[in-house]
Amino acid sequence: MKFYDFRTAPNPRRARMFMAEKGINDVEIIQVDLGNVEQLGNEYRAINPSGTVPALVLDDDTLIAESVAICRYFEELQPLPPLMGRNAKEKAQVEMWQRQVELQGYLPAGDTFRNHNKRFAGRAIAGPEKYEQIPELVVRGRARVEHFLGILDQRLGASEFVANDVFTIADITAFILIEFAGWSKIAIQEEHTNLQRWYQDTKSRPSADA
Ligand SMILES: N[C@@H](CCC(=O)N[C@@H](CS)C(=O)NCC(=O)O)C(=O)O
């Protein structure tokens, strides 16, 4: 099995953190240099036509792109510890929070970052298509992430972890969202004490270094 990675990019990090939580360490990791736009070269696109990382290639050459799909594969392969819910109710809660973190936090953080940074001029969306930057999305993305951090803070006042009472993929995505938002200088506010507590706890997990 081969895992196509870029060390500092947020999406591969989600999958690496998930694998680390499960103690999966027998996957061959191959770096794709996003700094040199290697992901859009013919060699990598023959492996993953969408030109993004992460990608997992199984021993029978099956391609699994999309970080959550990769996590799902490992969850099925190695159910313990469960990171996507233990029963119907938890699975639905994990899915709900995972979607909310992605749609209301993670994607707007991406809008802010990709529409601001000159390095992404003409490449505002990850992948081979050439989309121009839209400066308004920088402002809107920031406002949406700041708003969502307040929602997360409230949630973490009522629940030890994002989705329920155990650590799940929703915590991983929320943690990476906060670190990623930091690249655009969007930080947890001082009054968000629940979020601060949870963030420090998550940062101290060994998987945060994966
Ligand atoms: N929805 C995809 C997104 C993958 C994605 O956007 N990956 C970024 C790195 S975090 C990438 O490959 N960017 C390549 C580019 O900017 O062209 C997933 O979760 O795997």
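The values are calculated or read from the model by the stated rules, or taken from the named source; none is laboratory data. Only a predicted model underlies this, so the values are computations on that prediction, with no experimental measurement involved. Quick reminder, even Gly has a Cβ in these numbers, built from the backbone with ideal geometry, and neighbours come from all protein chains shown. Ligands, DNA and RNA are stripped out before the accessible areas are found, and what is left, the full protein with its side chains, is counted by its heavy atoms. Shrake-Rupley method; radii C 1.70, N 1.55, O 1.52, S 1.80 Å.
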Quiz item: HN-Hα J couplings of the stretch 131-148 from phi, Karplus 6.51/-1.76/1.60, θ = phi - 60°, integer Hz, Gly and Pro as x?
Solution: 9, 6, 6, 10, x, 4, 5, 5, 5, 5, x, 4, 4, 5, 5, 4, 5, 5
Exercise. Would you please give the residues with an amide H less than 5 Å from that of I29, counting only those at least 5 places away or on a separate chain, with H modeled from the backbone geometry?
Key: F3
Exercise. Only helical DSSP H runs with n ≥ 4 go in: add -39500 (n - 2.57) per run for the chain, normalise by residue count and round the 222 nm mean residue ellipticity to 500 deg cm²/dmol.
Key: -15500 deg cm²/dmol
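Cα gyration tensor of the stretch 45-86, axes a ≥ b ≥ c as square roots of the eigenvalues: rounded (a/c below 1.5), prolate (a/b > b/c) or oblate? Provide the component values of the computation, followed by the final result.
Numbers: a/c = 4.45, a/b = 2.03, b/c = 2.19.
Oblate, since a/c reaches 1.5 and b/c is not below a/b.
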Quiz item: Debye sum, Cα scatterers, the stretch 2-41, no solvent: what log₁₀ I/I(0) at q = 0.28, 0.30, 0.34 1/Å?
Solution: -0.98, -1.06, -1.20
Self-check item: W183, W97, reordered so the largest accessible area comes first (probe 1.4 Å)
Solution: W183, W97
Practice problem: Rounded, prolate or oblate: pick one for the chain, where a ≥ b ≥ c are the square roots of the eigenvalues of its C-alpha gyration tensor, a/c under 1.5 means rounded, and failing that, prolate if a/b is larger than b/c, else oblate. | Solution: oblate
Quiz item: How big is the accessible area of D153 in square angstrom, nearest 10, if you roll a 1.4 angstrom probe over the protein chains?
Solution: 20
Quiz item: At a probe size of 1.4 Å, how large is the accessible area of S204, to the nearest 10 Å²?
Solution: 90
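Tell me the relative contact order for the stretch 57-132 as a rounded percent, counting alpha carbon contacts under 8 Å between residues six or more apart. Intermediate values should be presented prior to the final figure.
Working: 35 pairs, mean separation 8.1, N = 76.
In percent, rounded to a whole number, it is 11.
More than 18 angstrom separation, counting every C-alpha pair in the stretch 2-77; what % is that?
Working: 912 of 2850 pairs.
Of the Cα pairs, 32 percent sit more than 18 Å apart.
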Exercise. Set Lys and Arg Cβ to +1 and Asp and Glu Cβ to -1, take the dipole of the chain about its Cα centre, and tell me which of Q31, G127, G150 lies farthest positive.
Key: G150
Quiz item: Given H placed 1.01 Å from N in the peptide plane, which residues other than close sequence neighbours of A55 have an amide H under 5 Å from its amide H?
Solution: Y4
Self-check item: Karplus 3J(HN,Hα) series, Hz, for the stretch 108-122 with 6.51 cos²θ - 1.76 cosθ + 1.60 (x for Gly, Pro)
Solution: x, 5, x, 4, 4, 5, 6, 8, 9, 6, 4, 4, 9, 4, x
Quiz item: Which ³J(HN,Hα) values in Hz, rounded to whole numbers, follow from the phi angles of the stretch 182-191 under the Karplus curve 6.51 cos²θ - 1.76 cosθ + 1.60, where θ = phi - 60° and Gly and Pro get x?
Solution: x, 4, 9, 6, 9, 10, 5, 6, 4, 6
Quiz item: Leaving out ligands, DNA and RNA but keeping every protein chain, what accessible area does R86 have, in Å² rounded to the nearest 10, with a 1.4 Å probe?
Solution: 120
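Compute the Rg/Rh shape ratio of the stretch 71-115: radius of gyration over Kirkwood radius, all on alpha-carbon atoms. It would help to have the intermediate numbers written out before the result.
On the way: Rg = 13.5 Å, Rh = 11.9 Å.
Taking Rh as the inverse mean 1/r over Cα pairs, Rg/Rh reads 1.13.
With the Cα gyration tensor of the stretch 88-209 in hand, give its eigenvalues times 5 under a square root as the equivalent ellipsoid semi-axes, listed largest first in whole angstrom. Please report the intermediate quantities before stating the final value.
Details: eigenvalues 145, 48, 34 Å².
Working through the eigenvalues yields semi-axes of 27, 15, 13 Å.
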